[in-house]
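Structure, as structure tokens:
A short reminder: the numbers here are calculations on the coordinates, not readings from a lab. Because the structure is predicted, anything quoted here is derived from the model rather than measured. Positions of Cβ are generated from backbone atoms using ideal geometry, with glycine treated the same way; all protein chains shown enter the neighbour counts.
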Amino acid sequence: MTDLTQLERDLLARVEAAGDEAALEAVRVAALGKKGSVSDLLKTLGGMTPEERKERGPLINGLRDAVQGAIAARKDVLASAALEARLLAERLDVTLPVPEAPEVRGRIHPISQVVEEITAIFADMGFSVADGPDIETDYLNFTALNFPEGHPAREMHDTFFLAPDEKGERKVLRTHTSPVQIRTMTSKAPPIRIIIPGRTYRHDSDQTHTPMFHQVEGLVIDTQANIAHMKWVLEEFCKAFFEVDQVKMRFRPSFFPFTEPSAEVDIQCSRKGGEIRFGEGEDWLEILGCGMVHPNVLRNCGLDPDKVQGFAWGMGIDRIAMLKYGMPDLRPFFEADVRWLNHYGFRPLDIPSLVSGLTS
Ligand code: DAH
């Protein structure tokens, strides 16, 4: 009897140990195949006496049934494990990233982004945006802004002149955004509160100067706008733009033909470790020119300096963009290198606003 129990135990263990369907089939053949161990036992039944068969028959048949049952159960287990493995291996991951849509993949140039930031800050203070052409008349670029004919201040600007037209008038590539002050004051009655972001041009090219660069001009004209207002506006702007709670500013007397008095403005910063930080430190960084609009400029626009007054400022955009975003060189701004743009550019849907934050 023990031989059958032993065989059963042995066969069931082998069934259990079969790691795949092929191994299981080998166990089946060894037990139940033509020359299998269980089949051999079954064959012995024929040669037994009826008494022997009566006793051994159920035992051997029981052994066969047990082995068959175990094989069938093991087969089920192996089949579902195989199916599971296949499902895992052949899984189609529908969450694989699809190619980014153009409006997600594209990048906004840092200058465009900074113009948006500046616009958001001044819009919050009630300013609107004005613009004018890049090719400007000599009158609007200089004369109306109180640069007398032949005045040396015209030379300061390294102007690009265009060929004279039939009337002998020589247009210029505007050297600053200030001519749009005149365009605005001659087309719109005060109160005026505008900013003018735009391209400007000077014959100058080195590591920190490009022949085309960007400025943002500001102009406020009403009956009482004064220097204190100007200081407040510029301070609020710097705090918002550089995203700091405090800035220290220094107003140095200066000269511009179109403002009187005029000042150049520095903001305090630290340059420790080659990194510029605002709102702290011992260093000063010049960021803009400003002043009270000169009475001659108001007169040139048909305004009465005894009735209205105001202030204006002009600031280079490229440099404050470089400072804010840690870009070491100005020239790549204008090289249209898509690798640079991918690195320094901004996501198109990150639109700066004072509510959601200028920089995300
Ligand atoms: N237009 C000047 C420049 O290009 C900058 C400037 C200075 C603009 C003072 C202003 C101002 O409006 O008031 O250098």
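Observations
- Listing Asp20, Asp222 from fewest to most neighbouring C-beta atoms within 10 Å gives Asp20, Asp222.
- Measuring against 25 Å, Cα to Cα, the residue pairs Lys188/Lys307; Lys231/Lys307; Lys188/Lys248; Lys239/Lys307; Lys171/Lys324; Lys248/Lys324 contain Lys188/Lys248; Lys239/Lys307; Lys171/Lys324 as the ones spanning a longer distance.
- Label zone at Glu103 (point 7 Å along Cα-to-Cβ), backbone N below 18 Å, the range 325-360: 346-353
- Relative intensity of the chain on a log10 scale, I(q)/I(0) at q = 0.09 Å⁻¹, equals -0.62, per a Debye sum over C-alpha point scatterers of equal strength in the absence of solvent.
- The residue list Ile194, Thr95, Gly62 was ranked by how far each Cα lies along the charge dipole of the chain toward its positive end, using unit charges on Cβ atoms, and Gly62 comes out on top.
- Loop-located GluC sites (Glu not before Pro) in the range 226-333 (DSSP state other than H, G, I, E, B) with a sparse environment of at most 12 neighbouring Cβ atoms within 10 Å: Glu275, Glu282.
- The range 213-292: trypsin sites (Lys or Arg not before Pro) falling in loop per DSSP and having at most 15 other Cβ within 10 Å: Lys248, Arg271
- For the chain, the membrane-span-like helix rule (DSSP H, alpha carbon extent of at least 18 Å along the helix axis, mean Kyte-Doolittle at least 0.0) picks out 110-124, 227-242; this says nothing about an actual membrane.
- The distance between label points at Arg347 and Val244 comes to 2.8 nm (points 7 Å beyond Cα on the Cα→Cβ vector).
- Put a plus charge on the Cβ of each Lys and Arg, a minus charge on the Cβ of each Asp and Glu, and nothing anywhere else: the dipole of the chain about its Cα centre is then about 920 debye.
- Trypsin sites (Lys or Arg not before Pro) restricted to the range 1-95 and DSSP loop, no more than 15 other C-beta within 10 Å: Lys34, Lys35, Arg91
- Mean residue ellipticity (222 nm) of the chain, computed from DSSP H runs ≥ 4 via -39,500 (n - 2.57), nearest 500: -12500 deg cm²/dmol
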